[in-house]
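Peer 1: What follows is a single structure, and I will ask about it in a moment.
The values are calculated or read from the model by the stated rules, or taken from the named source; none is laboratory data. Since the model is a prediction, treat every value here as computed from it, not as a measurement. Using ideal geometry, Cβ is built from the backbone for each residue, glycine included, and neighbour counts are taken over all protein chains shown.
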Amino acid sequence: MAESIIQTDKKFCYLCGGGAFEPLDKHHVFGGARRNKSEKYGLTVYLHHSNCHIFGKYSVHQNAQINRMIQKRAQLTAMKHYGWTEEQFRQEFGKSYLGGTEDMKKIGVTYSMKKIPESGSGIVETEESYIELPVSEKNADRIMNHGTSHMLEGTVDRICRLQGYYLERIERVEKV
């Protein structure tokens, strides 16, 4: 039973950065048959039980894109921590979570975010940012034809919150 090599502070949710306003669950990044290996190698994170772990629309068990992002980070962390190559990781876990982008397209998202004010402070900073996200060809076409999706907004909002901001609005989406 190894301590997490991904997250050292168990008082905060790995996904949204929030404190213990709801119970935090220990999430094994690679579940199922790989759950014991996640435990053995410290590939675990702490997530809010409902919103970020199991039931929330953007939780790891409901949102494949969020889950894939955490798996990729975990693999990179494990490779660095244990000195593994991608092939050595694949031998231990049965597959690599770094690839799989051959059938993915990138979309560029320009968005405005506001700094979450410290308590008592009425000053709110607004900042514009840009990120490229991998999405399936089908979702890229859907987003380009019909505008932003709730999944996209949720993903960008989580990224903002990890930086101490909240998403104000998505300004522009483009294929890269």
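Peer 1: Return the only residue of Glu39, Glu22 being charged (D, E, K, R) and at pLDDT 95 or above. Write out each step before concluding.
Peer 2: Working: Glu22 fails: at pLDDT 95 or above.
From the options Glu39, Glu22, the qualifying one is Glu39.
Peer 1: Only one of these is exposed (fewer than 12 other Cβ atoms within 10 Å of the Cβ), over 17 Å from Met69 (Cβ atoms) and modelled with pLDDT of 70 or more: Glu128, Glu92. Name it. Steps first, answer last, please.
Peer 2: Details: Glu92 fails: exposed (fewer than 12 other Cβ atoms within 10 Å of the Cβ).
Answer to the selection: Glu128.
Peer 1: Say whether the condition of being free of Cβ contacts under 8 Å to residues at least 12 places away in the same chain, in a helix (DSSP H, G or I) and not hydroxyl-bearing (Ser, Thr, Tyr) is met by at least one residue in the range 7-22.
Peer 2: Checked against the condition, which is being free of Cβ contacts under 8 Å to residues at least 12 places away in the same chain, in a helix (DSSP H, G or I) and not hydroxyl-bearing (Ser, Thr, Tyr), the range 7-22 yields no hits at all.
Peer 1: Moving on to the next point. Against the condition modelled with pLDDT of 90 or more and either under 23 Å from Tyr165 (Cβ atoms) or in a loop (DSSP other than H, G, I, E, B) (or both), how does Tyr46 come out, does it pass? Quick ask: steps written out before the conclusion?
Peer 2: Numbers: modelled with pLDDT of 90 or more: yes; either under 23 Å from Tyr165 (Cβ atoms) or in a loop (DSSP other than H, G, I, E, B) (or both): yes.
For Tyr46, the condition - modelled with pLDDT of 90 or more and either under 23 Å from Tyr165 (Cβ atoms) or in a loop (DSSP other than H, G, I, E, B) (or both) - is met.
Peer 1: Could you please find all residues in the range 23-82 being among the polar types (S, T, N, Q) and touching a strand residue (DSSP E or B) at 6+ places or on another chain (Cβ under 8 Å)? Walk me through it before giving the result.
Peer 2: Let us first name the residues in the range 23-82 that are among the polar types (S, T, N, Q), namely 36, 38, 44, 50-51, 59, 62-63, 65, 67, 71, 75, 77.
Within the range 23-82, Ser38, Thr44, Ser59, Gln65 qualify.
Peer 1: May I pose another question? I need every pair where a residue in the range 51-67 that is under 19 Å from Asn139 (Cα atoms) has its Cβ under 6 Å from the Cβ of a residue that is assigned to a loop (DSSP other than H, G, I, E, B) and not hydrophobic (A, V, I, L, M, F, W, C), sequence separation at least 6 or different chains.
Peer 2: Sorted first by the residue in the range 51-67, then by its partner, the pairs are Ile66/Tyr58.
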